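Below is one structure, written out as structure tokens, with a few remarks after it.
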Amino acid sequence: MKFPKATVILVSAALIFVVWEQFRDQPDPVNSARFKNLAANPAERSEVVDWVVTQIPVLCEEASGGGEGRATYSECVERGESRTSTCRRKIYDAFPGVIASDSVFRDVSITMMNCLVPRSGLIDPQQ
């Protein structure tokens, strides 16, 4: 039986990539001030989408009417996080790769927020 050199090389390369990915420096979190002057300093679509994903807890707090202690809040955050890949694909298919205007930024962020945390199905339990 021949030794599977190609398989060993491919598996080793994949393992090296995974280890490298774990130890490389993570980028600093994006601040909303980054998007103030998009005409002079355009943003990547992925940067805008990443920022919206970090806003899931805030969006869920507003949608559920409460903070971390409420069950509706926890469920909302869990559902929002589970939708990230689907919502990313939706945004990547519909919007340009470079966001250079406030109107496109608004459209991307609102579409992404509505995808992650849809509000139509939420009921205010205090009413």
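The values are calculated or read from the model by the stated rules, or taken from the named source; none is laboratory data. Source: prediction; values computed, not measured. Glycine also receives a Cβ, built like all others from the backbone with ideal geometry; neighbour counts cover every protein chain displayed. We work out accessible area using only protein heavy atoms, side chains counted, and drop any ligands, DNA or RNA first. Shrake-Rupley method; radii C 1.70, N 1.55, O 1.52, S 1.80 Å.
When only DSSP loop residues count, what trypsin sites (Lys or Arg not before Pro) in region 1-59 have their Cβ near at most 16 other Cβ atoms within 10 Å?
Those that pass, being in a loop and sparsely packed, are LYS2, ARG24, LYS36.
With a 1.4 Å probe and every protein chain left in place, work out the accessible area per residue of the chain in Å², rounded to a whole number.
Ligands and nucleic acids excluded, the result is 71 Å² per residue.
Can you compute the modelled spin-label distance between ALA71 and VAL30, with each label point 7 Å from Cα toward Cβ, in nm?
Result: 3.6 nm between the two label points.
Grab the DSSP H runs of the chain that are 4 residues or longer, score each as -39,500 (n - 2.57), total them, divide by all residues and round the 222 nm result to the nearest 500 deg cm²/dmol.
-19000 deg cm²/dmol
Could you state the angle between the C-alpha long axis of helix 5-23 and the longest principal axis of the C-alpha atoms of the chain, as a value from 0 to 90 degrees rounded to the nearest 10?
Long axis of 5-23 versus the principal axis of the chain: about 40 degrees.
Using protein chains only and a probe of 1.4 angstrom, how many square angstrom of VAL104 are accessible, to the nearest 10?
Here the accessible area works out near 40 Å².
How far is helix 102-116 tilted, in degrees, relative to the longest principal axis of the Cα atoms in the chain, given as a value from 0 to 90 rounded to the nearest 10?
It works out to around 80 degrees.
Rounding to the nearest 20 debye, state how big the charge dipole of region 1-102 is about its Cα centre with +1 on each Lys and Arg Cβ and -1 on each Asp and Glu Cβ.
Here the size comes out at about 560 debye.
Between [x] 11, 39, 27, 17, 5, 0; [y] 11, 30, 27, 19, 9, 4, 1, 0; [z] 10, 21, 16, 18, 17, 11, 5, 2, 1, which matches P(r) over Cα pairs in 10 Å bins from 0, in percent calculated for the structure shown?
[y]
Keeping the other protein chains in place, figure out the carbon and sulfur percent of the accessible area of the chain, with a 1.4 Å probe.
Looking at the chain in its full context, I get 57 percent from C and S.
R0 = 22 Å: FRET efficiency of LEU15 with ASP50, Cβ-based, nearest 0.05?
Working from the Cβ atoms, E equals 0.25.
Can you work out the Karplus-derived ³J(HN,Hα) for every residue in region 58-72? Use 6.51 cos²θ - 1.76 cosθ + 1.60 with θ = phi - 60°, whole Hz, and x for glycine or proline.
So the J values, rounded to whole Hz, are 5, 4, 5, 5, 5, 6, 8, x, x, x, 4, x, 8, 5, 5.
If MET112, MET1 are ordered by their accessible area, calculated over protein heavy atoms with a 1.4 Å probe, which sequence runs from highest to lowest?
Ranked list, largest accessible area first: MET1, MET112.
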